[in-house]
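Here is the structure we will look at.
The values are calculated or read from the model by the stated rules, or taken from the named source; none is laboratory data. None of these values were measured; they are calculated from a predicted model. Counting neighbours? That spans all protein chains shown, and the Cβs are built from the backbone with ideal geometry, glycine included.
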Amino acid sequence: MTTSRRQDRGVEPLSYQIREVDGRDDEIAEVLTELHRLTFFNGASVPPFDRGHWWLAYHATAPVAFAGAVPSTHVRNAGYFCRVGVLQSHWGNRLQLRLMRAMELRARRNGWRSLVSDTTGNIASANNFIRAGYRMYQPQYPWAFPNTLYWRKAINPLPSVHSTHSKRP
């Protein structure tokens, strides 16, 4: 059984809900933008929330974390895990891992063969990629900084409901 750092400190674990949201919705885009500002400060540009798939993690009714994936422009038939941000007061509750699992399910539904991402100078995030089963790799054409770590996880797409083969023996 795994415990959160909150449980290790004798604090009751917090309850969270992860929901896929529509980044094209103006109110959702505002929430995503605000969470991005609170988690990245000015360290990264705000992504276009009207592209790809987005998730929010809620504690009660308050959004406390977000993540996004878009079709990769660097790896064929793959999704690119483009952002994740967790408010500092909610660190240690495995929210990045839970958001990654939700993203992996969406990748399967999309028929993507893998998810790729990158981290630069973020040891906590790199450790979460390791915990989630991602492997470091060197892309043929690196797209970020010289000290960037690149991550990839193979995804087994869900079987199609429109099978061309008979199920009868």
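So the values come out like this:
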{"read-out": "Yes/no for Arg94 being without any contact (Cβ under 8 Å) to a residue 24 or more places away in the chain, of a type in the set (Lys, Arg) and out of contact with any Pro (no Cβ under 7 Å at 6 or more places or on another chain)", "value": "no"}
{"read-out": "Unique match (being under 15 Å from the mean Cα position of the chain (by Cα), among the charged types (D, E, K, R) and at negative phi) among Arg24, Arg83, Arg37, Arg113", "value": "Arg83"}
{"read-out": "Complete set of residues in the range 1-19 that are modelled with pLDDT of 95 or more and surrounded by 14 or more Cβ atoms within 10 Å (Cβ to Cβ)", "value": "Tyr16, Ile18"}
{"read-out": "In the range 41-57, residue nearest to Val70 (Cα to Cα) [restricted to those that are free of Cβ contacts under 8 Å to residues at least 40 places away in the same chain and not in a loop (DSSP other than H, G, I, E, B)]", "value": "Trp54"}
{"read-out": "Answer from Val64, Val75, Val70 - the residue that is part of a loop (DSSP other than H, G, I, E, B) and in contact with a strand residue (DSSP E or B) (Cβ under 9 Å, 6 or more places away or on another chain)", "value": "Val75"}
